[in-house]
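The values are calculated or read from the model by the stated rules, or taken from the named source; none is laboratory data. Remember, predicted model here, so these are calculated numbers, not experimental data. Reconstructed Cβ throughout: ideal geometry from the backbone, glycine too, with neighbour counts over all protein chains shown. For accessibility, only protein heavy atoms count, side chains too; no ligands or nucleic acids. Shrake-Rupley method; radii C 1.70, N 1.55, O 1.52, S 1.80 Å.
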Amino acid sequence: MNQGTGNREQGTGTSHSAPFPVPRSLFLATRSVAVLGATGSIGGSALDVIARHPDRFRASVLAAHRKLDELVALCVRFRPDLAVIADPALEHSLRDKLAAAGLPTRAAAGEAALRDAAAGECCDTVIAAIVGAAGLESTLAAARAGKRLLLANKESVVMAGALLAEALAAGGGTLIPIDSEHNAIFQCLPPQRASLAASGVRKILLTASGGPFRGKRRAELAGITPDQACAHPNWVMGRKISVDSATLMNKGLEVIEAHWLFSAAPEQIEVVVHPQSIVHSLVEYADGSVLAQLGNPDMRTALAHALAWPERVDAGVKPLDLKTIGQLQFEAPDRDTFRCLDLAYQVLAAGGTAPTVLNAANEIAVAAFLEGSLPFLAIAELIEATLAAVPAEPQTTLEALVYADLTARREAQRIMRRAFC
Ligand code: NAD
Ligand code: MG
């Protein structure tokens, strides 16, 4: 994918491959940033970084799903040009509340408005921080429009990696990963590269905290509650990704994400459990060098890096004190207990619509688990059963992917009703 090599950055048009120092004129005086998923965990961290640098960044678009009052409160604080609420039923309320607050912010609603906001003139940078498949179309729209795309919404890459690569190539924009592991890898790779092989990269090592149930055996996970699954030892995140971390599906999705973002073959991507979440990922080179990016587990580092790249700005993150941390541990993942990781490698090998089916089944399973209607251990079983029931198609057009996504959701619901409820 076209990452960090965009030709649409404003300024002289000089390539970022230029040797240090990069000309100051390459950088925008102020970036206009659309924060899609503004009321979420990543959205909040992004806005925290933006607020620290009013001379560099402006939140020009804020978008959320249904949390109307939270969105309006953010509008009062950031005074964006545009606010988008995904639920069309809330459009009038949003408009009324913005007017009552005396704000000049325009209101829009619905999926098409989200897409338009991502591609429109109100922003040069898009933070794709919607959770799940709901983020796909706005992510693609931002890529097609050549925006600087700061990607947190890993599900869109998993569902539609090839389409996203095409959209980025067509738009000529820049993708900078926000997922901490991929942001770390981005930082450890040379800024311009024809391929991993040409850069002497042997392997990508994705670190995983192991989640709240690291070290537990299957039998100990039978009665796990949503709150237990969401109590991540190192990161504070939305509930869906927290459950994904607990099942190791998050790492599985990240393996697929790394495949697309860095053109890495599946066998070049290795998962290493690192409970402290200090080493965010590593890149191994042919000469035996291994480069890693370290920091405290705080998403503001990745967000500040991506917002300011290729410069660096303060993220408000506590400095890393290795003496206090003392020890860093590494171990192999327990693939028998946490089967989702292998399911992700399997769909990556299968290709076509298989990762889309995996993602859809996972979204259904996690939502059911969070509602209390599916046991924790049944998440992997439901995904496996859905993969068996919905054969992968080679086509990866948007229509084929949407169809595979819908079919997998329906099938997962059907299997769940029959087998697990
Ligand atoms: P979250 O649940 O805290 O926030 C999700 C955001 O998406 C909210 O603002 C919500 O309003 C919006 N949203 C939900 N459904 C929507 C819809 N149908 N239409 C429009 N907006 C919708 O989630 P999060 O933890 O911030 O994660 C967001 C994304 O970032 C996910 O893809 C996740 O995997 C990824 N990510 C998160 C973290 C983290 O630390 N939280 C780290 C890496 C990657
Ligand atoms: Mg991650």
Would you work out what percent of the accessible area of the stretch 167-255, with all protein chains in place, is carbon or sulfur (probe 1.4 Å)? 53
If each part is reduced to its alpha-carbon centroid, the stretch 393-421 and the stretch 127-154 end up apart, in Å, by 22
If you bin every alpha carbon distance in the stretch 113-241 into 10 Å steps from zero, what whole percent lands in each bin? 11, 33, 30, 19, 6, 0
Report D for the stretch 201-304 in µm² per second (integer): Stokes-Einstein, Kirkwood Rh on Cα pairs, 4 °C, 1.567 mPa s. 88
What ranking, highest mean first, results for peptides 182-188, 322-328, 353-359, 410-416 when packing means the other Cβ atoms within 10 Å averaged over each residue? 353-359, 182-188, 410-416, 322-328
Beta bridge orientation in the chain: antiparallel %, DSSP, nearest 5: 25
For the chain, what is the convex hull volume of its Cα atoms per residue in Å³? 142
What is the distance, in nm, between label points placed 7 Å from the Cα along the Cα-to-Cβ direction at Glu371 and at Ala198? 4.9
So with the 1.4 Å probe, I'd like the accessible area per residue for the stretch 26-112, rounded to whole Å². 43
State the Cα centre-to-centre distance between the stretch 238-278 and the stretch 157-177 in whole Å. 19
Relative to the compact-globule estimate 2.2 N^0.38 Å (N residues), the Cα gyration radius of the stretch 283-421 stands at a ratio of 1.40
Provide the per residue accessible area, probe 1.4 Å, for the stretch 268-405, rounded to a whole number of square angstrom. 42
Nearest-0.05 FRET efficiency for Glu220 and Asp55 at R0 = 51 Å, using Cβ-Cβ distance, is 0.50
On average, how much area does the Cα convex hull of the stretch 342-385 cover when viewed from any direction, in nm²? 2.8
Across the chain, how many lysine pairs, 8 or more apart or on two chains, come within less than 25 Å at their alpha-carbon atoms? 10
Helical contribution to [θ] at 222 nm, DSSP H n ≥ 4, -39,500 (n - 2.57), averaged over the chain, rounded to 500: -13000 deg cm²/dmol
In whole Hz, what ³J(HN,Hα) sequence does the stretch 125-134 give by Karplus (6.51, -1.76, 1.60; θ = phi - 60°), x for Gly and Pro? 10, 10, 9, 8, 10, 7, 8, x, 4, 4
Residues whose built amide H sits under 5 Å from the amide H of Thr174, excluding neighbours closer than 5 in sequence, are Arg148, Leu149
Working note, the stretch 56-127: Cα radius of gyration (Å, one decimal) and Dmax (Å, whole number) are 11.0, 35
In whole Å, what is the distance between the alpha-carbon centres of the stretch 321-392 and the stretch 59-111? 35
Please list log₁₀ I(q)/I(0) at q = 0.14, 0.19, 0.24, 0.28 Å⁻¹ for the stretch 293-352, using the Debye equation with identical point scatterers on the alpha-carbon positions. -0.73, -0.85, -0.91, -1.08
Please list 3J(HN,Hα) in residue order for the stretch 241-250, calculated via the Karplus relation 6.51 cos²θ - 1.76 cosθ + 1.60 where θ = phi - 60°; whole Hz, with x for glycine and proline. 5, 5, 5, 4, 5, 5, 8, 6, 4, 4
